[in-house]
Amino acid sequence: MYDEQFRQQFHFSPKEKWMNDPNGLVYYKGEYHLFYQYHPNSSVWGPMHWGHAVSEDLMQWEELPIALYPDELGQIFSGSAVIDKENTSGLKSSDEEDVIVAIFTHHGEDNEKQSIAYSNDRGRTWTKYHGNPVIENPGMKDFRDPKVFWHEQTQKWIMSLACGDQIQFYGSRNLIDWTFLSTFGSEYGAHGGVWECPDLIQLEVEGEKEKKWVLIVSINPGGPNGGSVVQYFIGDFDGEVFTCDDEKETIKWADFGRDFYAAVTWSNVHEPVWIGWMSNWQYANQVPTDPFRSVMSIPRKLKIRRDNNEWKLVQTPIDLSLFYKDTILLNEDVTLLPLEPKQIELKELQVMVDAKVRENQSSSFTLTLKGEKEQLQIVFDCVKQEVRVDRTRSGDVSFSEYFASVDKMPLNELNDFILIVDKSSIELFVNQGSSVMTELFYPSEQNYTLEWNATDGEVHLSNVSIHHIESTWK
């Protein structure tokens, strides 16, 4: 089990059946809880439940029984979970445990409304609140995905809610009685599709004492390379209104790859961490995996960076060093010369590559995961100032007309990169996480090399490390 052809070995996926958005991310007493949109009866999307897994380290996951089932109010769509430490809800019944409250969308026939459920035994069993829904539908088709946090300054719970192609904010003292606060987004950002899975979080600015608020919004369709994508806005939040610092037409993408969506953060943690669904609605139901379908990204740490007076969301993978299986290179200098490709044999497609670019005299250079007939190529193009991921010959691309793609990310300069490869996915973090691409691929061959090529000039890399990553399935 967990060794199927395309099963990632250090990313979470359910043992079997369909999964999409991460939900209810919360940390409590040494456990990270990951709930997720789940259809237990099929490997394609269907009536939504909340699946459930826990981890002590965000890497080794234990799948638990389904947490929430559909009922007479509808399917269990996306939402969040919080630790109600002060028992503001009055739902606590245990002397030993804080009550965990889940806030989610009940999806009925053309009627979405917000409901809650609670657990007094560390998330093992759940009771739906007798007075659900706690927010009735105001007459909107898309009215979903509540993300809730405690706002210390105003001493109330704040909910971000996706409403069509904008975000509404609500406030509550007790997680049960909610008051509308404000709306954001009708004139800001990208509007190529419906807005989903919002998150509002305060993050530290790297190297500064200042903090900024980040509003995270998934949008489908409308991505820069097609289909699903995550956008974000940086500004301030006063407990009622979110004010964006950027011009209205500014669009900021969290990940330029095709396969990072519905990302949200864990609550009740000291260091901000989020995770995303590693797929795209253009082909999510067709990807050639069995008996499971869909996988989560590597959990990523978040902060804000001021880059040429522009605010940027920065993502870096959590520490994988505990799971290094063996080391291929360690802090070595590598020089790439035109027409002299360097090849490194990979025992398996479970690797992390880390490198700094000391000097680059070439118009472009490439990293290629190369089999006998298949390849996935990453091109760092200094002339066009972009990164391209070419998966047109990466293995099985036949299952969807949308999958064989060359995806692009703008890049003004290249200082360093981390590449994480796991069986059928890559995650590329450039310039210490200020630019990111996440992509799926489905290789059929057994033997692969990592090939490095400079096009027409020398490329000097330093601190090059390559590690095989071991499986985290228990």
field: Column: log10 I(q)/I(0), Debye, Cα scatterers of the stretch 321-469, q = 0.10, 0.17 Å⁻¹
entry: -0.32, -0.98
field: Pairs beyond 18 Å (Cα-Cα), from LYS29/LYS301; LYS156/LYS301; LYS325/LYS423; LYS211/LYS301; LYS128/LYS156; LYS29/LYS209
entry: LYS29/LYS301; LYS156/LYS301; LYS128/LYS156; LYS29/LYS209
task: Take the alpha-carbon centre of the stretch 117-137, take the same for the stretch 421-437, and report the distance between them in whole Å.
output: 37 Å
statement: For the chain, the charge dipole (Cβ of Lys, Arg +1; Cβ of Asp, Glu -1; about the Cα centre) points to a positive end, and the Cα of VAL464, ASN309, LEU203 closest to that extreme belongs to LEU203
- prompt: Which value, in debye to the nearest 20, describes the size of the charge dipole of the chain about its Cα centre when Lys and Arg Cβ atoms bear +1, Asp and Glu Cβ atoms bear -1, and nothing else is charged?
  reply: 340 debye
query: Can you pull the Kirkwood radius for the chain, inverse mean 1/r over Cα pairs, to one decimal in Å?
result: 22.9 Å
query: Measuring from centroid to centroid over Cα atoms, what is the spacing of the stretch 254-333 and the stretch 12-55 in Å?
result: 17 Å
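Rank by packing, highest mean first: peptides 267-275, 95-103, 228-236, with packing defined as the count of other Cβ atoms within 10 Å averaged across residues. If you can, show how the numbers build up before the last one.
Working: 267-275: 16.7, 95-103: 19.8, 228-236: 22.3.
Descending packing order for the listed peptides: 228-236, 95-103, 267-275.
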message: If I model a spin label as a point 7 Å beyond the Cα along the Cα-Cβ vector, how far apart are those points for ARG306 and LYS141 in nm?
response: 4.4 nm
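Going through the stretch 66-115, which trypsin sites (Lys or Arg not before Pro) have at most 14 other Cβ atoms within 10 Å and a DSSP loop state? Present the calculation step by step, with values, prior to reporting the outcome.
Values: sites: LYS85, LYS92, LYS113; in loops: LYS85, LYS92.
In loop regions of the stretch 66-115 (DSSP not H, G, I, E or B), the sparsely surrounded trypsin sites (Lys or Arg not before Pro) are LYS85.
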Cα→Cβ-extended label distance, 7 Å offset, between GLU386 and GLU249, nm: 2.0 nm
message: Once you keep just the Cα pairs under 8 angstrom separated by 6 or more residues, what percentage relative contact order results for the chain?
response: 14 percent
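By count of other Cβ within 10 Å, fewest leading, how are SER93, SER364 ordered? Write out the running numbers ahead of the final one.
Details: SER93 12, SER364 20.
Ordered by Cβ neighbours within 10 Å, fewest first: SER93, SER364.
Just so you know, all these numbers are worked out from the coordinates, no wet-lab data involved. Quick caveat: nothing in here was measured; it's all calculated off a predicted structure. Methodologically, a virtual Cβ is constructed for each residue, glycine included, from the backbone with ideal geometry; neighbour enumeration extends over all protein chains shown.
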